[in-house]
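Please treat every number below as a calculation from the coordinates, not as lab data. Source: prediction; values computed, not measured. We place every Cβ from the backbone using ideal geometry, glycine too, and count neighbours over all the protein chains shown.
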């Protein structure tokens with residue numbers, strides 16, 4: 001299926017097993033940095049850039065790959081799309097400073113140019129706006145930003161949709177990515193390992209009482225968290241879409257380095273065969 | 001437009017410019033179709049295609065190291081049947097020669113795949129992957145002159161397409177292997193394949209690659225590759241496709257000056273899939289600025305310091 005799509009000259013929307021296939025037109029560009037804003041969470045930033053292309057082609061689940069002048073670290077680094085403003089032609093990404101690329105990004109100034117490739121990703125989130133569905137989005141750490149975008153997208157397309165976002169972190173000051181969710185009419189549940197904010201416990205503790213036959217779960221974050229969310233959903237017969245975060249050397253499907261094992265034994269490229277999979281396909 | 005002759009010849013394969021892609025660094029040409037029109041390339045060298053489908057190695061398959069990457073993909077591919085049915089038709093939609101990289105566990109495997117490619121007209125040249133370091137149990141044909149020659153000879157019998165032997169740097173003297181391949185009937189050589197290595201996570205006290213060993217590529221290996229090209233250029237008469245760490249047009253110029261007739265952009269494609277296009281334009285610009293009317297004048301034109 002994916003190979004077939006790669007051979008196509010035009011881009012279309014496909015749906016199968018509940019996941020949307022949407023290859024955006026990939027473009028490499030030098031986008032202009034609009035702002036780099038530090039968050040209250042230590043070492044976390046939101047970078048907003050001007051890109052009419054990314055703003056019009058990005059969908060929830062897509063990511064972009066950034067190249068910065070980082071000396072001996074040569075590869076691009078992937079970042080999920082956080083917010084999109086098509087009218088202003090701007091998108092933003094949320095990141096924490098981890099290595100040389102993110103260090104360079106944290107020091108960028110408005111007007112600087114940023115080398116970006118995107119939008120990337122083959123299978124992305126499919127909210128399937130069926131009436132009566134309760135959309136439950138479960139995120140941890142850097143997995144929250146794409147879910148924020150998804151939550152707002154669902155509400156924008158179906159203003160009466162029931163959307164709950166469960167956000168987990170080790171401690172209160174690491175809760176990120178919740179901007180404007182309440183304004184968008186989304187229910188937000190916070191969970192912290194140390195009880196410093198919201199539910200004292202794991203995201204699965206908050207998820208369990210919400211799981212009903214009309215639920216649909218979407219998750220992104222650390223692999224152990226997604227595994228737990230995926231397995232809990234599966235045990236309750238609830239569809240779960242997982243957005244896998246792996247080390248992606250190229251982001252466009254040519255290096256075959258970002259693979260994860262599927263239950264049928266095949267190694268799947270998370271960049272173009274994913275990053276979003278039905279949880280029941282992944283061999284955790 | 002400039003008047004520089006950019007055409008080069010690899011055996012009977014005519015390339016409109018000296019730039020191709022490194023096998024395994026450009027997929028099967030369709031992945032980056034938004035970014036790279038194939039008919040601008042001198043040739044497209046596609047990912048390794050084996051006799052049977054291969055699932056590849058478990059992750060972690062790639063790690064980043066200083067100025068390079070280590071990979072142990074394990075030749076994941078759909079096999080020759082998949083290539084002929086699903087990959088070749090797309091590639092044939094472009095006016096661009098196709099070089100198919102062929103690995104094998106014995107000379108018969110190599111010959112089988114090349115025979116199928118020849119019969120189907122699904123390639124314009126074959127590159128024999130004598131030295132993929134990531135496949136366990138396979139003999140490394142690139143480290144022994146007789147073994148390398150046996151593969152070239154087996155393939156030579158079944159095709160009239162140009163046969164390119166891809167050589168490994170993981171040998172004491174690459175010239176010996178180069179000569180053996182030339183004598184066995186190879187039309188060209190490509191070099192270098194990756195440099196075998198490993199990486200360790202000191203915090204976890206574990207190897208970083210599931211396969212333990214991987215192949216180093218990227219700018220870190222360029223000096224090794226340049227020397228291999230120059231040494232072989234002075235040893236054999238057949239053309240050389242030079243590769244290893246090309247990240248900009250001037251890197252490609254260095255390979256041509258060392259004796260390469262053509263060059264391949266490899267790991268650089270992961271950073272910028274449009275690198276090949278930049279290199280093509282850059283080589284032409286270099287020729288114009290330095291008064292070369294023919295790109296072939298660059299080949300082996302390096303002189304002592």
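General remarks:
- Inter-label distance, residue A:88 to residue A:187: 3.1 nm, where each label sits 7 Å from its Cα along the C-beta direction.
- Residue by residue along A:256-269, Cβ atoms of other protein chains within 10 Å of the local Cβ number 4 on average.
- Choice from A:220, A:255, A:271 with maximal GNM fluctuation in chain A (Cα, 10 Å cutoff): A:255
- Relative contact order of chain B, taken over Cα pairs closer than 8 Å and 6 or more residues apart, is 21 percent.
- For region B:66-84 and region A:149-178, distance of Cα centres in Å: 38
- Inter-probe distance in nm under a simple model that places probes 7 Å from Cα toward Cβ, at residue B:237 and residue B:183: 1.5
- Look at where the Cα atoms of region B:218-291 and of region A:215-254 average out, and the two centres are 41 Å apart.
- Gyration tensor (alpha-carbon) shape descriptor, chain B, a/c threshold 1.5: rounded
- Relative contact order (%) - region A:48-136, alpha-carbon pairs under 8 angstrom, separation at least six: 36
- Based on the Stokes-Einstein relation at 10 °C and a viscosity of 1.306 mPa s, and on the Kirkwood radius from alpha carbon pairs, region A:24-120 is assigned a translational diffusion coefficient of 121 µm²/s.
- Choice from B:236, B:158, B:271 with maximal GNM fluctuation in chain B (Cα, 10 Å cutoff): B:271
- Based on C-alpha pairs under 8 angstrom that are at least 6 apart in sequence, chain A has a relative contact order of 17 percent.
- Dividing the helix sum by the residues of chain A, where each DSSP H run of 4 or more adds -39500 (n - 2.57), gives a mean residue ellipticity at 222 nm of -5000 deg cm²/dmol.
- Taking B:275, B:75, B:227 in turn, the Gaussian network model of chain B (Cα-Cα springs below 10 Å) assigns the largest fluctuation to B:227.
- The distance from the alpha carbon centre of region B:1-63 to that of region A:50-70 is 26 Å, rounded to a whole number.
- Translational diffusion of region B:198-267, µm² s⁻¹ [Kirkwood Rh, Cα pairs; Stokes-Einstein; 20 °C; 1.002 mPa s]: 160
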